[in-house]
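Step one of this worksheet: look at the structure below.
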Amino acid sequence: MDFGIGLLTAQRRPDDDRPASEIYGDLLEVGKAAERAGLDSVWTSEHHFTDDEYLSGTTPTLGALAGATDEITLASGVALTPFYDPVRLAEDAATVQALSEGRLTLGLSVGYLDFEFENFGVPKDERTDRTEDAIRLLRNAWEPGPLEYDSEFHPVSSDAEVTPTPDEPPEVVLGAIAKPAVRRAARMGDGWCANEMLSIEDIEHRKNDIERVRDEEGIEGEFTTYAIQYAFVGDSYEEAWETLREGYFYQQRKYQEWGGEEEVDELPEEQKEELEERALVGTPEDVVEGVEEYREALGDDVHFVFRPYAPGIDTEDLIECVERLGEEVVPRL
């Protein structure tokens with residue numbers, strides 16, 4: 001198994017009055033800590049027009065992480081594809097690939113929040129077609145020579161050359177939950193990204209489906225499943241949970257608010273209990289035991305992404321957790 005850290009969101013809780021420069025500076029420190037700890041990847045996330053300033057500039061942030069690190073894989077989990085001009089996305093991703101000397105994994109998704117589509121002026125019913133069109137354009141744009149692709153949504157000449165040309169094209173992984181979207185990842189991606197909403201059984205079922213689709217359709221090449229789950233390491237379960245809990249619940253409330261477009265003051269107790277049960281928190285031994293359940297169900301060919309980053313957690317505590325994940329958890333796995 002490989003192991004990453006994420007999702008870096010740069011959110012601020014209502015009581016956080018730090019300047020954006022400090023929040024983003026701390027974000028880079030977390031990325032550097034992940035590399036020092038020997039982790040394999042660091043992941044950003046993306047949303048737009050939110051009241052807590054959720055990270056919107058994915059490729060600039062990945063470019064900054066490229067300059068702050070030397071070896072760790074830089075990944076987006078995920079960029080919301082319909083909101084991008086696909087040619088500019090191809091250029092920006094290729095630029096990050098060059099700056100990082102080939103360390104970019106470009107995670108993409110179709111998006112889901114109505115207010116994002118409305119504010120970008122993108123019809124939501126075009127999100128799947130726009131995403132598939134962008135993936136095809138990206139693949140062609142990263143090859144030497146003319147684009148040789150007629151985009152349905154961008155009037156670019158097929159004779160145009162998109163630069164820079166990466167020495168090695170970035171991997172494209174697709175975030176998905178629904179069966180058609182997961183199968184799109186199987187057919188069009190180099191990997192599939194499973195977020196914390198999915199149980200181990202959910203991931204196993206979808207992973208098996210991906211393998212079946214690729215086998216039946218004769219799709220060759222390496223394919224990686226990425227599993228993301230909240231995690232935090234402390235000297236005890238109580239300490240780790242106390243540190244993660246409020247930021248974790250805050251993020252889950254926000255996701256529900258944005259999806260339902262109405263304020264969520266408090267999560268139901270039953271949901272809180274379920275979220276606590278899913279999170280991998282506690283001593284290093286506790287977290288190892290939790291990851292082993294993923295390994296038992298999914299095998300060793302999975303890239304596991306720990307998610308300790310949540311708004312309101314002190315940066316020093318977060319960096320200590322990242323270091324302990326790299327030094328006390330991963331070596332046991």
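The values are calculated or read from the model by the stated rules, or taken from the named source; none is laboratory data. As the structure is a computational prediction, the values presented were derived from the model and not from experiment. Here Cβ is always computed from backbone atoms with ideal geometry, including for glycine, and neighbour counts include all displayed protein chains.
Observations, loosely collected:
- Taking (1) free of Cβ contacts under 8 Å to residues at least 60 places away in the same chain; (2) out of contact with any strand residue (DSSP E or B) (no Cβ under 7 Å at 6 or more places or on another chain); (3) of a type outside the set (Gly, Ala, Ser); (4) surrounded by 17 or more Cβ atoms within 10 Å (Cβ to Cβ) in turn, Pro123 satisfies each apart from (4).
- Listing of helices (runs of 4 or more DSSP H) fully contained in segment 5-116 that carry 2 or more residues being among the hydroxyl-bearing types (Ser, Thr, Tyr) and within 30 Å of Glu263 (Cα to Cα): 20-36, 58-68
- Within segment 227-255, being touching a strand residue (DSSP E or B) at 6+ places or on another chain (Cβ under 7 Å), assigned to a helix (DSSP H, G or I) and of a type in the set (Phe, Trp, Tyr) holds for Tyr237, Trp241, Tyr248.
- For segment 306-329, the criterion of being basic (Lys, Arg), within 20 Å of the chain's Cα centre (by Cα) and surrounded by fewer than 19 Cβ atoms within 10 Å (Cβ to Cβ) is met by no residue.
- Test: residue in segment 135-153 that is among the hydroxyl-bearing types (Ser, Thr, Tyr), part of a loop (DSSP other than H, G, I, E, B) and closer than 25 Å to Arg183 by Cα: yes
- Residue within segment 216-226 that is part of a helix (DSSP H, G or I) and over 21 Å from Val78 (Cβ atoms) present: yes
- Some residue of segment 28-39 being free of Cβ contacts under 8 Å to residues at least 60 places away in the same chain, among the small types (Gly, Ala, Ser) and touching a strand residue (DSSP E or B) at 6+ places or on another chain (Cβ under 8 Å): yes
- Considering segment 279-297, the residues that are among the charged types (D, E, K, R) and within 14 Å of Ala240 (Cβ to Cβ) include one that is surrounded by the most Cβ atoms within 10 Å (Cβ to Cβ), namely Asp286.
- Screening the candidates Ala240, Ala227, Ala176, Ala194 for the property of being more than 17 Å from the chain's Cα centre (by Cα), crowded, with 20+ Cβ neighbours inside 10 Å and at pLDDT 95 or above yields one hit, Ala240.
- Glu220, sole failed condition from (1) in contact with a helix residue (DSSP H, G or I) (Cβ under 6 Å, 6 or more places away or on another chain); (2) without any contact (Cβ under 8 Å) to a residue 40 or more places away in the chain: (1)
- Among the candidates Ala185, Ala181, the residue that is free of Cβ contacts under 8 Å to residues at least 40 places away in the same chain and assigned to a helix (DSSP H, G or I) is uniquely Ala185.
- Taking residues in segment 288-315 that are among the polar types (S, T, N, Q), and partners anywhere that are in a helix (DSSP H, G or I), the pairs with Cβ atoms closer than 6 Å and at least 6 places apart or on different chains are Thr315/Asp26.
- The selection criterion, being surrounded by fewer than 19 Cβ atoms within 10 Å (Cβ to Cβ) and either within 20 Å of Gly175 (Cα to Cα) or not polar (S, T, N, Q) (or both), does not hold for Pro82.
- Once segment 40-60 is narrowed to residues that are among the acidic types (Asp, Glu) and out of contact with any strand residue (DSSP E or B) (no Cβ under 6 Å at 6 or more places or on another chain), the residue that is surrounded by the fewest Cβ atoms within 10 Å (Cβ to Cβ) is Asp51.
- Residue in segment 266-281 that is at pLDDT 95 or above, over 25 Å from Gly107 (Cβ atoms), touching a strand residue (DSSP E or B) at 6+ places or on another chain (Cβ under 7 Å) and polar (S, T, N, Q) present: no
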